[in-house]
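The values are calculated or read from the model by the stated rules, or taken from the named source; none is laboratory data. Treat the numbers as computed from the prediction; the structure is a model and nothing was measured. Here Cβ is always computed from backbone atoms with ideal geometry, including for glycine, and neighbour counts include all displayed protein chains. Calculation scope for accessible area: heavy atoms of the full protein, side chains included, ligands and nucleic acids excluded. Shrake-Rupley method; radii C 1.70, N 1.55, O 1.52, S 1.80 Å.
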Amino acid sequence: MDNTLIDVKDLKVHFFTDEGVVRAVDGVDLKLERGRTLSLVGESGCGKSVACRALMQIVRNPGKVVAGEILYNRGAEGGQAEIIDIAKMDPKGKEIRDIRGKEISMIFQEPMTSLSPMYTVGNQIIENILLHTNLTKEQARDLAIKLLDQVGIPRADRLVDEYPFRLSGGMRQRSMIAMALSCNPNLLIADEPTTALDVTTQANILDLMSDLQKSYNMTLLFITHDLGVVAEIADEVAVMYLGKIVEKSDVYTIFNSPRHPYTQALLKSIPKIAIKREDLDPIKGMVPNPFRRPGGCPFHPRCPQAFAECKVLVPTTTQLTPNHSVQCLLYENFANRIATEQKQ
Amino acid sequence: MTAQAPLTPTKTVEMRDENTILEVNNLKMHFPITKGISTRVRGWVKAADDVSFFLRQGETLGLVGESGCGKTTVGRCIVRAYKPTAGEILYRNEDGSVVDLAALKPDEVRPYRKDIRMVFQDPYSSLNPRMTVLELISEVLKVNKLESSDTIQTRVGALLEKVGMRPEYMQRYPHAFSGGERQRIVVARALITNPRIIVCDEAVSALDVSIRAQILNLLESLQKEFNLTYLFISHDLSVIRHICNRIVVMYVGKVVEVSDALEIYTGPRHPYTEALLSSVPLADPNGREGRQRIHLEGEIADPSNPPSGCYFHPRCQYAKERCKTDAPELRDLGGNHFVACHFAEDLKLAAVIK
Ligand SMILES: Nc1ncnc2c1ncn2[C@@H]1O[C@H](COP(=O)(O)OP(=O)(O)OP(=O)(O)O)[C@@H](O)[C@H]1O
Ligand SMILES: Nc1ncnc2c1ncn2[C@@H]1O[C@H](COP(=O)(O)OP(=O)(O)OP(=O)(O)O)[C@@H](O)[C@H]1O
Ligand code: SF4
Ligand SMILES: [Mg+2]
Ligand SMILES: [Mg+2]
């Protein structure tokens with residue numbers, strides 16, 4: 001049996017706004033393996049947060065999961081597979097509410113929106129524990145203190161009664177992690193958990209997350225736009241551009257031999273500590289307006305290697321090796337597609 | 001060399017040498033803490049507390065350190081958005097004369113506002129949404145009556161082209177632009193007065209990698225073209241490495257290390273610099289298993305209630321008894337490498353670049 005926890009197939013999430021439809025997630029395939037860390041990277045607006053929200057069925061209005069499957073294996077590791085499709089679930093139904101915050105939990109991009117300013121940190125963790133377990137209030141409080149201690153909060157027995165606004169950014173992020181871990185989830189989704197923090201705090205949080213992942217054998221989906229963070233934490237990397245996964249492989253392949261022109265361009269545009277570059281190579285142009293997506297390959301207007309067909313044919317996934325795939329016509333044998341797509 | 005400053009006749013000011021355009025000496029900026037509407041001062045936030053460094057003509061000096069260490073405060077003192085509590089900010093005019101900006105009265109500062117400009121942290125909040133690009137860029141000229149309105153339009157158009165935007169855009173409002181374009185407008189607004197020094201406060205921090213690269217390249221080419229001097233404030237040490245000639249490291253309102261850029265990465269001499277650099281994620285997974293990170297325990301100190309002795313001692317892995325009581329001075333270790341640590345000569349610190 002394979003080790004897949006979640007298999008996302010051709011997921012589409014669209015926003016139906018007054019100005020038109022935004023295809024925020026536009027046919028995403030992703031496999032999350034148990035106990036591994038997958039990093040989702042890409043520039044602002046490419047659909048990272050929306051894709052992750054879809055995994056928990058918490059896409060905001062006017063967004064909807066319009067197509068695809070999110071096959072989740074609820075069964076214990078190594079045991080009988082018990083596969084359910086999250087994409088089919090009612091976002092308000094009991095089924096997904098049982099999973100959310102328990103089997104799959106999330107650390108959000110904006111810590112202040114997910115920790116309520118009205119309640120103490122402890123109460124918020126305790127509430128989540130009571131919702132999903134049969135523990136008593138006292139037991140839940142003890143567990144909350146234990147969790148806060150585990151994520152490196154000093155004097156956890158006192159800080160448990162603090163309000164979030166009294167904590168520093170790093171402490172708040174640690175409490176969020178404690179809350180997310182409170183029911184021992186199978187999957188932890190972390191959406192830019194360290195972006196707002198200092199590098200020193202970031203380093204501590206990243207190490208904390210890898211340690212916890214090992215001890216809980218948790219699957220981690222880590223969203224970031226910082227390629228440095230990706231290189232530190234990821235096992236696998238998926239590069240996103242305009243709602244699509246354009247390249248996917250293990251972290252070493254992505255950094256050592258990227259194939260997609262977008263991945264190559266991203267890596268060339270960042271300053272590095274080890275080598276001083278004379279000039280950075282910026283990607284020309286900018287991410288297009290979501291209402292005016294280019295036809296053909298979505299990257300073609302900015303791609304240094306684009307050729308005539310890139311304007312008309314949408315690239316499909318090409319498997320370069322069993323664990324390396326790209327969506328780019330440079331690697332695709334598209335001759336037959338031209339013939340068939342012209343007939344239609 | 002000694003120069004007579006016309007606007008501070010009370011004393012003769014000296015700067016280190018002719019290549020120095022700005023020299024900050026023992027700068028302090030303390031903010032009063034009051035509660036509610038009461039004016040009783042309950043204490044002081046020592047946002048900048050004895051900061052010294054200098055800027056050479058045409059260079060880019062990086063100012064780094066954790067959030068709240070006082071980087072923006074120092075920048076705002078230099079452009080005299082704040083009147084410093086104490087210390088000197090010596091500025092060398094184009095004719096070679098030297099003036100202490102810290103000592104000037106508000107109305108005496110005006111002539112220097114065009115020479116020293118600041119690019120602010122957030123491109124979204126720093127542009128008034130009700131003003132057109134033309135108005136935004138030329139505002140400073142009008143306020144300071146620096147140019148007649150008929151030539152302004154031509155100037156703004158030419159400047160927009162310089163920062164890579166179409167002159168036609170000058171009648172539009174900021175909301176019609178992306179983050180990168182707004183940052184170009186902000187840069188154009190700083191350039192309109194033909195400044196000599198620009199304080200860039202996290203000028204690229206809010207931008208995506210590809211746009212960030214565009215703006216960094218733009219800043220570098222403008223520097224060459226106009227012989228600009230930059231004080232580049234950032235918490236991103238990869239960006240700092242790319243753009244800076246020299247680096248100043250701050251911790252809780254104090255300068256702890258000043259050195260050539262490369263030396264900070266190949267041979268840091270202050271324990272805080274060592275820890276800060278070891279936290280930077282490297283965009284290279286190869287060999288990551290063997291990498292050792294220094295963990296800074298505890299929180300950054302509170303600038304209204306700093307620890308005794310060396311402010312860094314509670315988090316420093318090398319701290320000894322003396323560090324708890326004696327505050328280390330910023331000392332020249334030779335080769336223009338300045339460090340404020342009692343044991344700088346003896347410590348063997350790890351570098352990020354071997
Ligand atoms: N509520 C909404 N209404 C309309 N469009 C939306 C909404 N939420 C997101 N979008 C659009 O969906 C796209 C993807 O957004 P998403 O937040 O997933 O980006 P992201 O990759 O997480 O970016 P960032 O790095 O800035 O967080 C964007 O084009 C965004 O404008
Ligand atoms: N006008 C002010 N009144 C009172 N305290 C202030 C004021 N401005 C800044 N401070 C305090 O001074 C300290 C230094 O702030 P400053 O903004 O200079 O830090 P910084 O290094 O720029 O941080 P960041 O990286 O977060 O921008 C902080 O503790 C801050 O809260
Ligand atoms: S002075 Fe002492 S405490 Fe401060 S950095 Fe140096 S060794 Fe550490
Ligand atoms: Mg996001
Ligand atoms: Mg600042």
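Name every residue in segment B:135-151 that is at pLDDT 85 or above and more than 27 Å from the chain's Cα centre (by Cα), in order of residue number.
Selection gives B:Thr151 alone.
Look through segment A:194-229, keep the residues that are buried (at least 22 other Cβ atoms within 10 Å of the Cβ), of a type in the set (Ser, Thr, Tyr) and within 13 Å of chain B (Cβ to nearest Cβ), and return whichever of them is nearest to A:Asn184 (Cα to Cα).
If we take residues in segment A:194-229 being buried (at least 22 other Cβ atoms within 10 Å of the Cβ), of a type in the set (Ser, Thr, Tyr) and within 13 Å of chain B (Cβ to nearest Cβ), then A:Thr194 is nearest to A:Asn184 (Cα to Cα).
Of the conditions (1) part of a strand (DSSP E or B); (2) free of Cβ contacts under 8 Å to residues at least 24 places away in the same chain; (3) small (Gly, Ala, Ser), B:Ser38 satisfies every one except a single condition; which number is it?
(1)
Looking at B:Asp208 and the list (1) modelled with pLDDT of 95 or more; (2) more than 13 Å from ligand 2 (Cβ to nearest atom), which single condition is not satisfied?
The single condition B:Asp208 does not satisfy is (1).
Inspect all residues belonging to segment A:230-252 and state whether any of them is crowded, with 18+ Cβ neighbours inside 10 Å, more than 17 Å from the chain's Cα centre (by Cα) and within 14 Å of another protein chain (Cβ to nearest Cβ).
no
Which condition number in (1) open to solvent by 50 Å² or more (accessible area, probe 1.4 Å); (2) charged (D, E, K, R); (3) within 9 Å of chain A (Cβ to nearest Cβ); (4) away from ligand 2 (no atom under 16 Å from the Cβ) is the one that B:Arg288 fails?
(1)
With respect to the numbered conditions (1) in a helix (DSSP H, G or I); (2) away from ligand 5 (no atom under 16 Å from the Cβ); (3) more than 12 Å from chain A (Cβ to nearest Cβ); (4) under 22 Å from A:Asn289 (Cβ atoms), which one is the sole condition not fulfilled by B:Met165?
It is condition (1) that B:Met165 fails.
Here are A:Leu40, A:Leu55: which of them is open to solvent by less than 40 Å² (accessible area, probe 1.4 Å) and within 13 Å of ligand 4 (Cβ to nearest atom)?
The unique qualifying residue is A:Leu40.
Only residues that are among the β-branched types (Val, Ile, Thr) and open to solvent by less than 40 Å² (accessible area, probe 1.4 Å): list them for segment B:310-343, please.
Residue satisfying the conditions is B:Val339 alone.
Out of the helices (runs of 4 or more DSSP H) lying entirely within segment B:55-156, which hold 1 or more residues that are of a type in the set (Gly, Ala, Ser) and within 16 Å of ligand 5 (Cβ to nearest atom)?
Here the list reads B:71-78.
Can you say whether B:Tyr265 is facing chain A (nearest Cβ under 10 Å), in contact with a strand residue (DSSP E or B) (Cβ under 8 Å, 6 or more places away or on another chain) and either at pLDDT 95 or above or closer than 30 Å to A:Thr253 by Cβ (or both), as far as the supplied structure shows?
no
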